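Following: one structure in structure tokens, then a few remarks.
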Amino acid sequence: MEDFGVYAIFGVDEPPQQILRRDGWQSSIEIQPNVQLMVLFTRGDWGKRDSVSVELADERDIPINMGKLTPFNKCLSWESGEDGVWSSGATLTVKLNGCNPAVPAIRECPGKRKRSQGEEEEEINEGRGKENICPNASDKVTPQRRSKNIQRGGQTRLFSQKEEQTATSSTQNNKAKGKQNKTTSQIAQLDKPSGRWGQTLCPIDPQTAILIGGQGARMQFSKDPIWKLCTEDLSWVPAETLAEGPTPEARIGHTATYDPESKRIFVFGGSKHKKWFNDVHILDTQTWRWTLVEAQGKVPPLAYHSCSMFRGELFVFGGVFPRPHPEPDGCSDSIYIFNPEMAIWYQPIVNGEKPAPRSGHSACVMQGRIFVFGGWDTPVCFNDMFMLDLGLMEFSAVKTSGTAPSPRSWHGCAVLSESSFLIHGGYNGNNALSDAFIFNTDTSCWSSLTLPQLNSVPRAGHSIITMPITCKQSSIDEQEELPESAPQTLLVFGGGDNEGSFFSDLFTMPVEELRD
């Protein structure tokens, strides 16, 4: 087979150009202002190469768009109408991954691109005044609890007028300085997910978890929204192009729930600025194909809700839903059930003492019961516990003992055993938190947990999951049959802190160190 190369076509009438050869490592070329269409593709034997990182950047070296070529996705294309017009040109950079060359061969052709004043203002204002903004999203702005005259919405922290002016001035000054002010948080690291909050991390087998969505620095939605985590070596693989079919639109505050029986991930709801979703996307992890469900029945657009799988159905509780102007957004206290087999939504009859409306809470299924903890309905933050008996469809308040967590939302929650789950971090209306607690469902008792790995850094909007510790020599079939009592590991990813930073780190620890 012929030697490996990366080629580009600039316009429908132009022949292909080779922009990266088999012995190359990185190449940057200038895109002319008159180019309206670009197509990148590979040809030849991939060998030990695992991917080619591709980035379009403007005159300040800030990415316009990014992607990857892989052995499973050998072509990328862009049109100027979709990704903006480079009035003075742009820079296209391709970088080979997985070959570890001894001597890099770099060909630099600096490209320049100037945005119009309208584009500049649109970028500055893109995240301001929008719905569902991370409370710590503005750089170095300490989140404050909203006063009563600010709209409800559970998950929205709108800037005050002074904060808006400060954030806008800071953004404009940063733009004027150009490349000198470029930070690593502005550019996604293509060997791992960019820093973010509001994403989901969903385990699908003992070796694999899928990361979906999220929002990062400058209130920008992640341009690298879907990743595959291989837990054997904790390596990340971009997964947006691995699966066929329509992928979910960028969003935060959604849920991703895995059904081990059908081996499918169900993505529901979420929001993107002032756009709200009530769609259901299904990823079949056996065929790696996305499907958008045309469901019957009614379910409102929701974000920051909880979604639990029980006997093949999805149980959605709470969340924020939009109301028509001038009414502010409100929180839900309703339960909606989605039946995948019938592709229908319905509402069950629920008895007992229901929780107050809330969003940003956690919910986990244990022994035929859903335990709901925390959340908020602005300006009230909760630390109460409710239990839904899935056999009787009856809610009841749980009377707890021990050291309970303080009121919070956007915290992490993970099941540790058949009778215990973990609560970590979150947001209390003023600050991100770093404390951790374990709840025992048999004794209804809380106990605080002191571990440097968990308590050292405040996090909110992060993901926490547990996965079995597998042996590399075992076959996949053997791993899937691991007993529930098998050793497990806890994985923590992402989230935001009190300084306006967003994490892209991933750390693990044995669950045995957490169990009481």
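Some observations on this one:
- Residue 271 among the polar types (S, T, N, Q) and within 26 Å of residue 509 (Cα to Cα): no
- Among the residues making up region 328-374, those that are of a type in the set (Lys, Arg) and not in a loop (DSSP other than H, G, I, E, B) are 358, 369.
Let's see how each residue does on (1) within 27 Å of residue 215 (Cα to Cα); (2) surrounded by fewer than 19 Cβ atoms within 10 Å (Cβ to Cβ):
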residue	(1), (2)
260	no, yes
267	yes, no
272	yes, no
275	yes, yes
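- Total residues in region 312-327, condition open to solvent by less than 10 Å² (accessible area, probe 1.4 Å) and either of a type in the set (D, E, K, R) or not in a strand (DSSP E or B) (or both): 2
- Test: residue 253 is small (Gly, Ala, Ser) and in contact (Cβ under 8 Å) with a residue 60 or more places away in the chain: yes
- Residues that are modelled with pLDDT of 65 or more and surrounded by fewer than 20 Cβ atoms within 10 Å (Cβ to Cβ) number at least 3 in the following strands (runs of 3 or more DSSP E) confined to region 1-120: 5-10, 17-20, 26-31, 37-43, 63-69, 75-79.
- Which listed residue, of 283, 234, 229, is crowded, with 20+ Cβ neighbours inside 10 Å and closer than 23 Å to residue 497 by Cβ: 229
- Verdict on residue 416 being open to solvent by 20 Å² or more (accessible area, probe 1.4 Å), in contact with a Leu (Cβ under 9 Å, 6 or more places away or on another chain) and modelled with pLDDT under 95: no
- Note on region 286-311: among residues that are aromatic (Phe, Trp, Tyr) and open to solvent by less than 20 Å² (accessible area, probe 1.4 Å), the one that is farthest from residue 247 (Cα to Cα) is 304.
The values are calculated or read from the model by the stated rules, or taken from the named source; none is laboratory data. Note that the coordinates shown come from a computational prediction; the quantities given were computed from them, not determined experimentally. For neighbour counting, all protein chains shown are included, and Cβ atoms are generated from backbone atoms with ideal geometry for every residue, glycine included. Quick note on the areas: whole protein, heavy atoms, side chains included, nothing else; ligands and nucleic acids left out. Shrake-Rupley method; radii C 1.70, N 1.55, O 1.52, S 1.80 Å.
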